[in-house]
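Peer 1: Before I ask anything, let me first share the structure, which is written out below as structure tokens.
Taken together, the values in this text are just the output of simple stated rules run on the coordinates, not laboratory data. This is a predicted model, so every value here is computed, not measured. All Cβ positions, glycine included, derive from the backbone under ideal geometry; neighbour counts span all protein chains shown.
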Amino acid sequence: QVRLVESGGGLAQPGGSLNPSCTASGDDITPYAMGWYRQPPGKERELVVLSWPAGSINYADSVKGRFTISRDNIKSTVYMQMGNLRPDDTAVYYCHALLVHNGCWGQGTRVTVSS
């Protein structure tokens, strides 16, 4: 089973950027749908972006035009470029891997957007 480790969260000012990444081990991520989810304080976890193995990508409306996902299947790593950050982007961000009916989560990386 694939194991996921996120890194690259932190503190950013409004309008700033962060570039978290998610590194997988234990399996080849090529056939996996790889996604980023987030859980804001006091709220439920929500989808941010999903990268399908065939190449299509789905973004939440709230991050369209500001966040970009990319994946390097050879390096087993998924990247997310977060730009023009807003205070409501503050959340714990989780990487998720899905293959058919089997999914797994990383431990999360915290992103705080504040001046």
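Peer 1: Which cysteines does the chain leave without a neighbouring Cys Cβ under 4.7 Å?
Peer 2: 104 - these cysteines have no disulfide-compatible partner (Cβ-Cβ under 4.7 Å) in the chain.
Peer 1: Can you give the relative contact order of the chain as a percent, counting alpha carbon pairs under 8 Å and 6+ residues apart?
Peer 2: 37
Peer 1: Magnitude of the Cβ-charge dipole of the chain, K/R +1 and D/E -1, about the Cα centre, nearest 20 debye?
Peer 2: Rounded to the nearest 20 debye, it is 160 debye.
Peer 1: Still on this model: Antiparallel as a % of all DSSP beta bridges within the chain, to the nearest 5?
Peer 2: Antiparallel bridges: around 90 percent, rounded to the nearest 5.
Peer 1: Each label point is 7 Å from the Cα along the Cα-to-Cβ direction; what then is the distance between the points at residue 44 and residue 27, in nm?
Peer 2: Here the answer is 2.6 nm between the modelled labels.
Peer 1: Next up: Roughly what would the spin-label model give for residue 54 and residue 99, points 7 Å off Cα along C-beta, in nm?
Peer 2: Between residue 54 and residue 99, the simple spin-label model gives 1.9 nm.
Peer 1: Something else about it: Between residue 81 and residue 11, how many nm apart are label points set 7 Å from Cα along the C-beta direction?
Peer 2: 2.6
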